[in-house]
Amino acid sequence: MQAWPSPRVRPGRPPASSILRRTVPPAAKIVVPPPTLYRGRMADPRIIDIELDERSLGWRSADVEQERRIAIFDLLEDNHFAPQREQADGYAGPYRIKLEQEEGRLGIHMHREDGTHLETLVLALGRFRRPIKDYFAICDSYYEAIRKASPAQIETIDMARRGLHNDAAEMLKERLAGKIDVDFDTARRLFTLICVLHIRGNL
C-alpha cells in the first residue's frame with residue numbers, strides 16, 4: 001500500500017495537531033490549583049537558621065569572628081523577619097536564611113523550614129559603604145581601647161560605636177521597607193553580619 005505523504009509544515013509553524021491541542025476549550029483542560037499547604041497556618045515571621053556564604057567570607061580577626069558569633073546567637077534568640085511578598089502556598093515562616101555578598105550587592109536567600117527555596121532578595125549596598133567603613137574603624141579603636149585604655153575612654157568609644165551601629169540599623173530597615181519587615185534589633189544584627197561579609201571586598 002502506498003504511504004500518504006506527510007503534510008508540509010511551514011518553518012516556525014507548529015504542526016496542525018499541536019495547534020488543535022492548543023485550541024481545546026479551557027473547560028476541557030485539567031486546571032491544577034496552586035498548592036495551599038500552609039493556608040490557615042499561623043504565621044511565624046522569624047529566622048530559625050542563618051548562614052553566611054563561605055565564598056563571600058575572607059580572613060577575619062578573632063575580634064570580628066566573635067562579633068559574628070554573637071550577632072548570630074542573638075539573632076536566633078529573638079528576631080522579627082517577615083517577607084512582604086505573599087507566597088502562593090501561603091507560607092509565612094519560619095525562615096532559613098543565607099546571606100551572600102558579591103560585587104557590592106547583598107543576596108538574601110530565603111528558604112522554608114524544610115530548606116526549600118522561597119525567594120532571593122538582592123540589595124545594592126552602595127549606601128552602606130561609608131557606614132561599614134566607619135563601623136570597622138570605630139570597632140578597631142574599641143578593641144584597642146579594651147586592651148590599654150581607661151574605663152572612661154572605653155565607654156566613650158563604645159557609645160560612639162553603638163550610635164553608629166544604631167544609625168546603620170535604621171538605614172537597613174528603611175532599605176528593606178516594603179520587601180522585608182524587620183524590627184530594630186534584627187536590623188542591627190543583620191548589619192553586623194553584612195559588615196563581616198564585606199571584609200572580603202575592597203571597602
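Summary of computed values
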read-out: Within-11-Å neighbourhood charge of residue 79 [Cβ basis; K, R +1; D, E -1]; value: -2
read-out: Under 25 Å between alpha carbons - lysine pairs in the stretch 47-198 that sit 8 or more apart or on different chains; value: 5
read-out: Pairwise FRET efficiency - residue 70 versus residue 149, Cβ, R0 = 22 Å, nearest 0.05; value: 0.55
read-out: Estimated distance in nm for a label pair at residue 160 and residue 177, the labels positioned 7 Å out from Cα along Cα-to-Cβ; value: 3.0
read-out: Relative packing of peptides 86-99, 143-156 - highest average C-beta neighbours within 10 Å first; value: 86-99, 143-156
read-out: At q = 0.09, 0.10, 0.14, 0.20 Å⁻¹, base-10 log of I(q)/I(0) for the stretch 47-198 (Debye sum, equal scatterers on each alpha carbon); value: -0.30, -0.37, -0.70, -1.34
read-out: Order of 174, 103 - criterion: other Cβ atoms within 10 Å of each residue's Cβ, fewest first; value: 103, 174
read-out: Bridge type composition, the stretch 47-198 - antiparallel percent by DSSP, nearest 5; value: 75
read-out: Computed magnitude of the charge dipole of the stretch 47-198 (debye, nearest 20; Cβ of K, R +1, Cβ of D, E -1); value: 540
read-out: Taking 159, 42, 110 and counting other C-beta atoms within 10 Å, the order from fewest to most; value: 42, 159, 110
read-out: Neighbour-count order for 195, 139, fewest beta carbons within 10 angstrom listed first; value: 139, 195
read-out: Approximate spin-label separation residue 87-residue 44, in nm, with each point projected 7 Å along Cα-to-Cβ; value: 1.1
read-out: For the stretch 74-164, Kirkwood radius (reciprocal of mean inverse C-alpha pair distance, Å); value: 16.2
read-out: Compactness of the stretch 135-197, expressed as Rg and Dmax over alpha-carbon positions, Å; value: 13.6, 45
read-out: Residues whose placed amide H lies under 5 Å from that of residue 46, excluding near-sequence neighbours; value: 81, 95
read-out: Computed lengthening from residue 121 to residue 77, 0.36 nm per intervening residue step minus Cα-Cα distance; value: 13.5 nm
read-out: For the stretch 129-146, Karplus couplings with θ = phi - 60° (6.51, -1.76, 1.60), whole Hz, Gly/Pro x; value: 4, 5, x, 5, 4, 5, 5, 5, 4, 6, 5, 4, 5, 5, 5, 5, 5, 4
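Values in this text are rule-based calculations from the coordinates and carry no lab data. The structure presented is a predicted model; accordingly, all values stated were derived computationally and were not measured. Note that we place each Cβ from the backbone using ideal geometry, even for glycine, and neighbour counts take in every protein chain shown.
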